[in-house]
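Asker: I have a structure here, written as structure tokens, and I will follow up with some questions on it.
Derivation of every value follows stated rules applied to the coordinates shown; laboratory data play no part. Quick caveat: nothing in here was measured; it's all calculated off a predicted structure. Using ideal geometry, Cβ is built from the backbone for each residue, glycine included, and neighbour counts are taken over all protein chains shown.
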Amino acid sequence: MKTEKTHYDSFIFTHIPKCGGTSFRKYINDAALASGINKEEIYIPGFNGLGNNKNIINLPKAEISQIRQKPIKILANHAYFNVHKEYELNIQNPFYYTILREPVARFVSHYNFFYYKNGYDDCKGISLNDLPEEKLLKLLQLLSNIQVKYLSNIKHIKIVGYDNMLKLAKYNLLYEYPAFAILEDMELSLTILQQETPSDLLQFSEKFPVQNSYSKKSKEPIAEPILEKIRAYNAYDIELYNFGKKHIEKRSFALAESN
């Protein structure tokens with residue numbers, strides 16, 4: 001994580017699923033509007049009349065071509081790191097930001113919201129404890145190490161391997177993201193963000209909104225054998241999360257010494 005404040009012309013939020021990103025989208029949108037940025041220069045699905053389903057990675061080529069014609073100062077959506085280069089967007093000198101979440105909690109939240117609540121893959125109302133072994137294995141493979149995938153932006157996992165993906169994700173987090181957050185410590189994370197973001201680009205309010213607080217989950221606690229499988233399958237995300245958490249803690253000590 002960089003300590004010197006650098007000039008940036010735009011802001012990109014890498015929204016990793018179920019990492020507090022919906023709340024942060026509102027936070028960054030409010031900050032952008034309050035900072036005098038035009039709505040036409042803000043691309044955040046779910047805000048300013050833009051549909052929730054308008055994530056860049058899901059758009060048809062024709063629609064992406066139209067977006068390329070518009071200068072964008074604020075981008076916040078479900079897209080992997082380096083989205084502005086990958087899709088050749090008109091975004092200049094971006095400040096990248098993301099939020100990491102404890103991986104087991106992220107996995108469980110992902111399942112509870114999309115599968116248990118919304119019924120993806122015919123899982124509506126079925127707790128993780130009650131999933132057939134074959135379906136549980138399928139979801140463990142599909143939903144694990146999402147944070148490493150987003151920050152490394154490597155598509156050919158079998159060719160590159162998770163070890164190299166993790167190394168790249170760590171590098172990107174440390175050297176390509178001027179700041180990042182740990183969801184479990186947002187107060188400190190936002191303090192760092194406010195310090196690192198140039199005031200001529202964005203000015204933040206102190207209050208962080210809470211959105212998408214879905215709490216209707218399966219009532220019984222998740223069985224320990226299933227938790228063990230989730231931990232095992234998310235080993236790379238767990239290492240990335242612990243890596244990020246250590247750096248946030250270092251910044252905490254530095255802030256304490258400077259005050």
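Asker: Quick one: if you stick a label point 7 Å off each Cα along the C-beta vector at Leu142 and Glu41, how many nm between them?
Answerer: Distance between label points: 4.0 nm.
Asker: Once both axes come from the Cα atoms, what is the angle between helix 186-196 and the longest principal axis of the chain, in degrees from 0 to 90, rounded to 10?
Answerer: 30
Asker: Quick check on the chain: helices-only [θ] at 222 nm, where DSSP H runs of length 4 and up contribute -39,500 (n - 2.57) each and the sum goes over total residues. Nearest 500, please.
Answerer: After summing the helix terms and dividing by the residues of the chain, the value is -13000 deg cm²/dmol.
Asker: Output the peptides 118-124, 146-152, 82-88 sorted from most to least packed, where packing is the average of other Cβ atoms within 10 Å over each peptide's residues.
Answerer: In descending order of packing, they fall as 146-152, 82-88, 118-124.
Asker: Same structure, new question: Quick one: net charge of Gln92's neighbours, Cβ under 10 Å, K/R +1, D/E -1?
Answerer: Charge balance near Gln92 sits at 0.
Asker: Subtract the Cα-Cα distance of Ile159 and Arg68 from 0.36 nm times their separation in residues, and report this length gain in nm to one decimal.
Answerer: Details: separation 91, 0.36 × 91 = 32.76 nm, distance 3.09 nm.
Full-extension gain reported as 29.7 nm.
Asker: With θ set to phi - 60°, apply the Karplus curve 6.51 cos²θ - 1.76 cosθ + 1.60 along the stretch 106-116 and write out the HN-Hα couplings as whole Hz, x wherever there is a Gly or Pro.
Answerer: Residue by residue, the stretch 106-116 yields 5, 4, 5, 5, 4, 5, 4, 7, 7, 9, 5 Hz.
Asker: Cβ neighbours within 10 Å, averaged per peptide: list 69-78, 12-21, 97-106, 160-169 in order, most packed at the top.
Answerer: Details: 69-78: 19.3, 12-21: 24.0, 97-106: 21.8, 160-169: 16.6.
Packing order, densest peptide first, comes out as 12-21, 97-106, 69-78, 160-169.
Asker: Would you mind getting the Kirkwood hydrodynamic radius of the stretch 97-149 from its Cα pairs, rounded to one decimal in Å?
Answerer: It works out to 11.6 Å.
Asker: What FRET efficiency, computed as 1/(1 + (r/R0)^6) with R0 = 22 Å and r the Cβ-Cβ distance, is obtained for Thr6 and Ser252, rounded to the nearest 0.05?
Answerer: Working from the Cβ atoms, E equals 0.55.
Asker: Taking 22 Å as R0, compute the FRET efficiency from the Cβ-Cβ separation of Leu188 and Asn242 and round it to 0.05.
Answerer: Working: r = 16 Å, r/R0 = 0.74.
After rounding, the FRET efficiency stands at 0.85.
Asker: Apply 1/(1 + (r/R0)^6) to the Cβ-Cβ distance of Asn118 and Ile57, taking R0 = 22 Å, and write down the FRET efficiency to the nearest 0.05.
Answerer: 0.65
Asker: Across 10 Å bins from 0, what is the distribution of all Cα-Cα pair distances for the stretch 1-156, in whole percents?
Answerer: 10, 35, 33, 17, 5, 0
Asker: Throw me the Rg/Rh for the stretch 10-258, computed over C-alpha atoms with Kirkwood Rh, two decimals. Provide the component values of the computation, followed by the final result.
Answerer: Values: Rg = 18.4 Å, Rh = 19.1 Å.
Value, to two decimals: 0.96.
Asker: Which pairs in the list Lys26/Lys245; Lys117/Lys246; Lys117/Lys229; Lys39/Lys61 are over 29 Å apart, alpha-carbon to alpha-carbon?
Answerer: Long pairs (Cα-Cα over 29 Å): Lys117/Lys246.
Asker: Could you give me the ³J(HN,Hα) list for the stretch 131-145, computed from phi with Karplus coefficients 6.51, -1.76, 1.60 and θ = phi - 60°, whole Hz, x at Gly and Pro?
Answerer: 5, x, 4, 5, 6, 4, 4, 4, 6, 4, 6, 7, 9, 8, 6
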